[in-house]
Amino acid sequence: MPTIRFITTDVFTGVRFGGNQLAVIPDARGIAEDQLLPIAREFNYSETTFVYPPEHPGHTRRVRIFTPGGEVPFAGHPTIGTAIVLAATGEIPVGDGEARIVLEEQVGPVPVVIRGVHAGGGWAQLSAAKMPEIGPPVPSRSTLAKMLGLVTDDIMATSERPQAVSCGLPFLIVPLTSVKAVSRSRVSTERWEETLANAWAPMIWVYAADAEGGDRHFRARMYAPGISVPEDPATGSAAVTFAGFLAARSRVRSGTLAWTVDQGVEMGRPSRLEIEADKADGVITALRVGGQAVVVSEGEMRV
């Protein structure tokens, strides 16, 4: 019976059994198309990646990303985790302590910088392939509050009001008034189906400023029931979109802005995401998200 090699890693953490779990298939050649989703469901992580040779000679690898619900065009923690796994296992050489690679994903070429690699993990940062796209108007604060098990006053009503934004995957960004409100939030599946199931941005990112981590630090949670991810412990695609959301509201017109985000705390899988945005004359020119990952296990799966 044929087997495939897999490696698992925890992403956006430097500690095993924290962060967001990821399964990486370093060489997916030979796996039948109809086996990809069942393999992802077998791991039952929020994402599994399948790695192939690049289609463009100037790129490093082609990566396909699956949730238990299906394939997605782009995701941050799978991109970061896959890059670190390939470097930590010697699939990608890291010279002079740094490697700059390009991973082909459905959203387009994704540049990644890898540093501090060792056999147990490393650090990586991706650059978003797309700048922020603003979606259509979103449901009212009272409607969102009911869906999230909150009261209307838990949702900000200032310039940081809820907004649908995409940098490859659309998210409904919902600013809350406190970290306590973030922790209290819960998605009602019934109300989500009524409110967001068919919306432009059905995935939800709730956040609040967290002064304990400094004046540029946030606590967040991400819910994606539509792709069989009730809650995600660390979501790079949402975090990089959040960087665009914050940068658009910043008074800084030129320069680099940086923030940190803690996610997964309520799930018992604390994660730290580092996000950045570049602006020039008021225009967002680049968005990045980075963090650590640690290798947890490797083995073979019969297919």
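Read-outs throughout are calculated quantities, based only on the coordinates presented, and are distinct from any laboratory measurement. Because the structure is predicted, anything quoted here is derived from the model rather than measured. Quick reminder, even Gly has a Cβ in these numbers, built from the backbone with ideal geometry, and neighbours come from all protein chains shown.
Neighbours of Val63 by Cβ distance under 15 Å: Lys/Arg scored +1, Asp/Glu scored -1, total -3. For region 133-289, relative contact order (Cα pairs under 8 Å, six or more residues apart, normalised by length) works out to 17 percent.
Where both partners of a DSSP beta bridge lie in the chain, what percent of those bridges are antiparallel, to the nearest 5? Of all bridge pairs located within the chain, approximately 85 percent are antiparallel. Within the listed set Arg161, Arg219, Arg16, the residue fluctuating most in the Gaussian network model of the chain (springs between alpha-carbon atoms under 10 angstrom) is Arg161. Here the chain is assigned +1 on the Cβ of each Lys and Arg and -1 on the Cβ of each Asp and Glu. Its dipole about the Cα centre then comes out at about 500 debye. Using the Cβ atoms and a cut-off under 15 Å, what net charge is assigned to the surroundings of Val283, where Lys and Arg are +1 and Asp and Glu are -1? So the surrounding residues net to +2. Here the residues Ser237, Ser271, ranked from fewest to most Cβ neighbours within 10 Å of their Cβ, fall in the order Ser271, Ser237. For Lys279, the aspartates and glutamates whose Cα falls under 16 Å of its own Cα, not counting residues fewer than eight places away in the same chain, are Glu133.
What is the local net charge at Ser183, summed over the other residues whose Cβ is closer than 9 Å to its Cβ (Lys, Arg +1; Asp, Glu -1)? My count for the surroundings of Ser183 gives +3. Distance distribution note for region 213-303: the fraction of Cα pairs above 17 angstrom is 57%. If the chain linking Ile31 and His118 were pulled fully straight, counting 0.36 nm for each residue of separation and taking away their Cα-Cα distance, it would gain 28.4 nm.
Take the Cα of Glu298, step 7 Å along the line toward its Cβ, and report every residue of region 17-49 whose backbone nitrogen sits under 15 Å from that point. What the label zone holds, given the 15 Å backbone N cut-off, is 23-28.
Against the empirical curve 2.2 N^0.38 Å, the C-alpha radius of gyration of the chain lands at a ratio of 0.96. In the chain, Cα pairs under 8 Å separated by at least six residues give a relative contact order of 22 percent.
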